[in-house]
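Remarks on the structure that follows.
The values are calculated or read from the model by the stated rules, or taken from the named source; none is laboratory data. Since the model is a prediction, treat every value here as computed from it, not as a measurement. Backbone-built Cβ (ideal geometry, glycine too); neighbour counts: all protein chains shown. Side chains included, ligands, DNA and RNA excluded: accessible areas come from the protein's heavy atoms. Shrake-Rupley method; radii C 1.70, N 1.55, O 1.52, S 1.80 Å.
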Amino acid sequence: MKLLPSCLAGLLAAATLCTAAQPVARVEPVEDRHFGDTVIDRYRWMENDKDADWLPFMKAQNAHTRRVIDALPGRPALLQRIQQLSGDAVATSALQRAGQRLFFQQRPAGSNNFKLFVRENGKDRVLVDPTALDTAGSHVSLDWWLASPDGNRLVYGLSKDGSENSTLHILEVATGQVLPERIPDTQYAEPHWLPDGSGFFYNQLTGKLDTPQRYLDSRARLHRVGTPVSSDPVLVARGLDATLAIDDIQAPYLMTAPGSDRAVLLLADVRRERRVLTAPLADVLRGKARWQPVADFADEVTDVELDGDKLYLLANRGHPRGRVLVTSARKPDLAHAREAVAESTLVIENIARARDGLYLRAMDGGLGRLQRLAGGKLATLPLPFDGTLARVDVDPAHDGALVTLSGWLTPTGVWSVDRSGKLADTGLTPRPAIDTSAYTTERRFAMAKDGTQIPYSLIYRKGLKRDGSAPAFIQAYGSYGAAAYTPAFAGRSLALIDAGAIVGYAHVRGGGEYGRDWHRAGQKENKPNTWRDLIAVTEDMIAKGDTAAKRLVIGGRSAGGVTVGMALTERPDLFAAVVSGVGWHNPLRYVAEPNGYGEEPEWGAIRDPAGYRSLKRIDSYQAVVDGTKYPAVLLTTGVTDSRVAPFHPAKMAARLQAATTSGKPVLLRVDFDAGHGMGSTRAQQDAEAADTYAFILWQTSAPGPAAPR
């Protein structure tokens, strides 16, 4: 590995930073040919994490980044403020009513990770504490969990170092005893208990870890509590039933419901749509199911609820904002299904059945809405404020619901909904002692080149001067039909806002803020709309005097790496810096990563001419041009990431470092005890935020942060 001396100059408190040597990646070009095109990949070797240069390169890059960022004089104050903001807040991420118990996953104030609690008879106790399993340099996270219908048993998944490579455990709730059964390869288990709590269906991966086959050909199995795992029957798998055709990327999930003698089979991939089939539950348990088709992917069914013989379907075909249909689970007939809820201006995201009706979690341009269907009548239930309705948790045996609601400046809370539709704050998530009175929010629209109005949201301190002097950090996502940046409590980002910055979110096409049409308008051949919407938003802000190009930073995470990566390569003149967190930058090489093939329905298949063109169009690594004056760039990755392989940020960093002539830094930050972020501890998230915000303020020549309050 060669070393290139570099001196990175940045104005922060009028100081000039000179750094030590930055590693230079080995160049070993590989040529690929696709439909007459030749694609040169200079850093293909990085796809092999066993290459002798891989780990030394990652360690040297991270060490260089640490030297640069740790030398920034504003970082300690930022970290102190961030730790205060995150430490003061209680975070509740999931809830379930079961029997007479309430289960909830929560990170208590000051805690480093989430724990699972149970509340019964007004008292709370810890059921699962992954922090008790942590060791030096390694941590354990609770990935998922589900209580049995009577609340007496719990199935849950644990993984190390943010890998999400779950091992399934079972616990007796009354005693807290963890049973001896362990089931590996259950990252996407999606368990579903039998009505009597004697066992559960689950999905198990079959592909080898860290290979492109990892998520192919998973299977649905049944475990009876107390029996050997080795005897768990495989109930659904590709090739098991000659009458049931399953693609290798489709994962089978089984579900049933108390009071129903039917089972539902969902076949899922990266799409929000599902294939839906039904069969008698007794036949499924015997391994003799003859599956009746209900809906195919083309029918665009995205959610299902079973109530006796009634099968509720959230269907989007021809109705891009969704409607609810009802058919028989015994004799399903989608073509003649009854419409229970018609399409409206709201986007229906999920349906959930409680004893007092069917609850609908909906969205109006990114703002949450709650509805309930009862007695054939649909009612909209008023929420205490406009924000994100993140969850609606119900139990078929109980009236009402528990809803999780948050706003940009309103901390996340858990509210109960009673039979009359009245909402009350449960107090389960105490409001943190964070004064938000000095801040304000704004929702605007920017016009894209094709005339489409693109919404965006801003958070900033009151009294902001519109003279272009404020730093701005604008983030975007825009993939999978997911509304990624709906109002969520600003939390850590208040530390950046305290330093005079505007924090904003561009609700670009490719997301789901306005339903399926909004998604399709930023997908495959339409994908350029996604990053050009982000460009339109930032140009609108500059035109309004909010900020200036030399003060403007864009950011994205995961598939948001496509958005910011392509904005970077298309308009390098428009930004002072770019931040890409665990970003997807080399889509043409999806075939080399664990979840690659499963991504084809969203992005296209490289073996197909149209798919290849779509993938090439979004590949920011291949779009980098030598001799270009690129802005400063910070890329982050975690070495256990199973969703976006670490070679994506690593290749992008190496390519930009070799190509740029601006003299501005291109930094690669590596967390060796983390993955995609789902299992990261509070301390890890705090440290990454402090690094990111210090980098932003440095590159926008902004003053240091205000003193922590």
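Restricting to region 281-297, name every residue that is surrounded by fewer than 22 Cβ atoms within 10 Å (Cβ to Cβ) and in contact (Cβ under 8 Å) with a residue 24 or more places away in the chain.
Result: Leu281, Leu285, Gly287, Arg290, Trp291, Gln292, Pro293, Phe297.
Would you check if Asp124 is without any contact (Cβ under 8 Å) to a residue 12 or more places away in the chain and either outside any helix (DSSP H, G or I) or acidic (Asp, Glu) (or both)?
yes
If you scan region 520-561, which residues turn out to be open to solvent by 20 Å² or more (accessible area, probe 1.4 Å), of a type in the set (Gly, Ala, Ser) and touching a residue at least 40 places away in the same chain (Cβ under 8 Å)?
Result: Ala521, Ala548, Ser558.
For Ala289, state whether it is touching a helix residue (DSSP H, G or I) at 6+ places or on another chain (Cβ under 7 Å), aliphatic (A, V, I, L, M) and at pLDDT 95 or above.
It is true that Ala289 is touching a helix residue (DSSP H, G or I) at 6+ places or on another chain (Cβ under 7 Å), aliphatic (A, V, I, L, M) and at pLDDT 95 or above.
I'd like to know if region 627-635 contains one or more residues that are free of Cβ contacts under 8 Å to residues at least 60 places away in the same chain, open to solvent by less than 10 Å² (accessible area, probe 1.4 Å) and assigned to a loop (DSSP other than H, G, I, E, B).
Looking for residues that are free of Cβ contacts under 8 Å to residues at least 60 places away in the same chain, open to solvent by less than 10 Å² (accessible area, probe 1.4 Å) and assigned to a loop (DSSP other than H, G, I, E, B), one finds none in region 627-635, hence no.
So which residues in region 439-475 are touching a residue at least 12 places away in the same chain (Cβ under 8 Å), touching a Gly at 6+ places or on another chain (Cβ under 9 Å) and assigned to a loop (DSSP other than H, G, I, E, B)?
Leu464, Arg466, Asp467, Gly468, Ser469, Ala470, Pro471 - these are the residues of region 439-475 that are touching a residue at least 12 places away in the same chain (Cβ under 8 Å), touching a Gly at 6+ places or on another chain (Cβ under 9 Å) and assigned to a loop (DSSP other than H, G, I, E, B).
Given the condition more than 22 Å from Thr692 (Cβ to Cβ) and in a strand (DSSP E or B), answer yes or no: does some residue in region 494-509 qualify?
yes
Among the residues of region 318-334, how many are more than 25 Å from the chain's Cα centre (by Cα) and in a loop (DSSP other than H, G, I, E, B)?
Of the residues in that region, 7 qualify.
Would you pick out the residues in region 130-176 that are among the polar types (S, T, N, Q) and closer than 26 Å to Ala397 by Cα?
Ser148, Asn152, Thr175, listed by residue number.
Residues being surrounded by fewer than 16 Cβ atoms within 10 Å (Cβ to Cβ) and over 17 Å from Glu593 (Cβ atoms): count how many of those fall in region 40-56.
Counting residues in region 40-56 that are surrounded by fewer than 16 Cβ atoms within 10 Å (Cβ to Cβ) and over 17 Å from Glu593 (Cβ atoms) gives 4.
If you check Gly611, Gly598, which single one turns out to be farther than 24 Å from Arg571 by Cα and open to solvent by less than 10 Å² (accessible area, probe 1.4 Å)?
Among Gly611, Gly598, only Gly611 is farther than 24 Å from Arg571 by Cα and open to solvent by less than 10 Å² (accessible area, probe 1.4 Å).
Give the residues of region 510-534 that are touching a Phe, Trp or Tyr at 6+ places or on another chain (Cβ under 7 Å) and part of a loop (DSSP other than H, G, I, E, B), sorted by residue number.
Answer for region 510-534, where residues must be touching a Phe, Trp or Tyr at 6+ places or on another chain (Cβ under 7 Å) and part of a loop (DSSP other than H, G, I, E, B): just Gly512.
Among the residues of region 345-363 satisfying the criterion of being small (Gly, Ala, Ser) and touching a Leu at 6+ places or on another chain (Cβ under 9 Å), which is surrounded by the most Cβ atoms within 10 Å (Cβ to Cβ)?
Ala362
Just need a number here: residues in region 364-390 that are crowded, with 20+ Cβ neighbours inside 10 Å, in contact (Cβ under 8 Å) with a residue 40 or more places away in the chain, in contact with a Leu (Cβ under 8 Å, 6 or more places away or on another chain) and outside any loop (DSSP other than H, G, I, E, B).
Of the residues in region 364-390, 4 are crowded, with 20+ Cβ neighbours inside 10 Å, in contact (Cβ under 8 Å) with a residue 40 or more places away in the chain, in contact with a Leu (Cβ under 8 Å, 6 or more places away or on another chain) and outside any loop (DSSP other than H, G, I, E, B).
Among the residues of region 164-216, which ones are surrounded by fewer than 19 Cβ atoms within 10 Å (Cβ to Cβ), polar (S, T, N, Q) and in a loop (DSSP other than H, G, I, E, B)?
Across region 164-216, the qualifying residues are Thr175, Gln177, Ser198, Thr206, Thr211, Gln213.
Have a look at Ile82, Ile69 and point out the one that is assigned to a helix (DSSP H, G or I), farther than 22 Å from Ala433 by Cα and open to solvent by less than 20 Å² (accessible area, probe 1.4 Å). Explain how you work it out, then say what you get.
Values: Ile82 fails: farther than 22 Å from Ala433 by Cα.
Only one candidate passes the filter, namely Ile69.
Give me a count of the residues in region 543-557 that are under 24 Å from Gly583 (Cβ atoms) and in a helix (DSSP H, G or I).
3
Of these, Thr530, Thr547, which one is over 25 Å from Gly74 (Cβ atoms) and polar (S, T, N, Q)?
Matching residue, one of Thr530, Thr547: Thr530.
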